[in-house]
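The structure under discussion appears below in the form of structure tokens.
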Amino acid sequence: MERREIAPLEMAGHIMEKLPDGVLLNSQANGRFNSMVIAWGHLGVEWGKPIFVCYVREGRFTRPLIDEAGAFTVSIPTERLSPEVLRICGANSGRDIDKVAEAGLTLVDAQANGVPAVAETPITLECKVAYRCPQDLSLMPEDVLARFYPQDVPSDSCGSNRDTHVAYYGEIVASYVLE
Ligand SMILES: Cc1cc2nc3c(=O)[nH]c(=O)nc-3n(C[C@H](O)[C@H](O)[C@H](O)COP(=O)(O)O)c2cc1C
């Protein structure tokens with residue numbers, strides 16, 4: 001499999017169009033690879049660097065893996081994630097299942113950050129964590145709190161739950177399309 005290098009923001013339009021339908025956020029540490037679906041994020045520039053910001057709830061299995069590695073890789077489909085990948089990676093935790101095996105994902109070694117890419121979702125942003133910021137429930141609008149942070153839903157629920165998100169600012173250190 002070849003990597004076609006792209007400029008970090010070259011496919012920004014495509015990436016931001018696909019994001020709301022779901023893309024993969026890959027993490028790897030302590031011998032475990034994991035991939036979760038995300039639909040929230042930003043692509044832009046800070047400190048003169050190309051940055052992808054993702055939001056990961058505190059209790060996701062993904063979160064300590066990103067903290068441990070200081071890195072994550074975003075894998076964007078050409079069209080849409082298949083319903084199976086969306087379900088397996090977006091409604092199950094890596095605590096309970098091996099998502100690579102269940103979803104039949106083909107991992108491709110990273111070029112720069114140590115966190116593999118995924119052949120089935122070929123547009124790839126390898127990121128190193130430049131900054132992390134826990135969000136603060138006390139600063140959020142009431143409607144957001146009620147809809148996205150129900151305090152009676154425990155942290156291990158795969159959908160909305162009581163946990164805040166941590167914003168991870170990833171400097172994009174490699175960007176390419178797997179072909
Ligand atoms: C379309 C879609 C978008 C999602 N977006 C996010 C997100 O941006 N942040 C987040 O923390 N969870 C999000 N989730 C939920 C996680 O994908 C889900 O809880 C997953 O099981 C977490 O996996 P993990 O525990 O293996 O890390 C989304 C789920 C779906 C289906």
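Under 5 Å from the amide H of residue 70 lies no amide H of any residue 5 or more positions distant or on a separate chain, with H modelled from the backbone and absent for Pro and chain starts. Of all lysines in the structure, those lying under 21 Å Cα to Cα from residue 128, and not within fewer than 8 positions of it along the same chain, are 49.
Taking a quarter of the surface of the Cα convex hull of the chain gives a mean projected area of 10.0 nm².
Using the rule -39500 (n - 2.57) for each DSSP H run of four or more residues, divided by the residues of the chain, the 222 nm mean residue ellipticity is -5000 deg cm²/dmol. Sequentially through segment 47-62, phi angles give Karplus couplings (6.51, -1.76, 1.60; θ = phi - 60°) of 6, x, 10, x, 10, 10, 9, 10, 10, 10, 4, 3, x, 5, 4, 4 Hz, Gly and Pro residues having no value and appearing as x. Once Lys and Arg get +1 and Asp and Glu get -1 on their Cβ, which of 52, 1, 30 lies farthest toward the positive end of the dipole of segment 1-116? Of the candidates, 30 comes out farthest on the positive side. Karplus-derived 3J(HN,Hα) values for segment 133-142, using 6.51 cos²θ - 1.76 cosθ + 1.60 with θ = phi - 60°, are 8, x, 7, 10, 4, 5, 9, 8, x, 4 Hz; glycine and proline are entered as x. Using the Kirkwood radius over C-alpha pairs as Rh, can you work out the diffusion coefficient of segment 131-179 via Stokes-Einstein at 25 °C, viscosity 0.890 mPa s, in µm² per second? It comes out at roughly 188 µm²/s.
Rounded to the nearest 20, the Cβ-based charge dipole of the chain about its Cα centre (Lys and Arg +1, Asp and Glu -1) stands at 160 debye. Shown is the FRET efficiency for residue 144 and residue 21, computed with R0 = 22 Å from the Cβ-Cβ distance and rounded to the nearest 0.05: 0.55.
Relative to the present Cα-Cα distance, how much length would full extension add between residue 132 and residue 102 at 0.36 nm per residue of separation? Additional length available on full extension: 7.8 nm.
Listed values for segment 103-114 are Karplus-derived 3J(HN,Hα) couplings in whole Hz (6.51 cos²θ - 1.76 cosθ + 1.60, θ = phi - 60°), namely 8, x, 7, 9, 7, 10, 3, 5, 8, 9, 10, x, and x replaces Gly and Pro.
Loop-located GluC sites (Glu not before Pro) in segment 1-65 (DSSP state not H, G, I, E or B) with no more than 15 neighbouring Cβ atoms inside 10 Å: 2, 10, 58. Taking every C-alpha pair closer than 8 Å and separated by at least 6 residues, the mean separation divided by the residue count of the chain gives a relative contact order of 29 percent.
Loop-resident chymotrypsin sites (Phe, Trp or Tyr not before Pro) (DSSP state other than H, G, I, E or B) in segment 44-116 with no more than 13 further Cβ atoms inside 10 Å of their Cβ: 47.
Bear in mind that the values in this text are calculations on the coordinates, not laboratory data. No experiment lies behind these values; they were computed from the predicted model shown. Cβ coordinates were reconstructed from backbone atoms using ideal geometry, including for glycine residues, and neighbour counts include every protein chain displayed.
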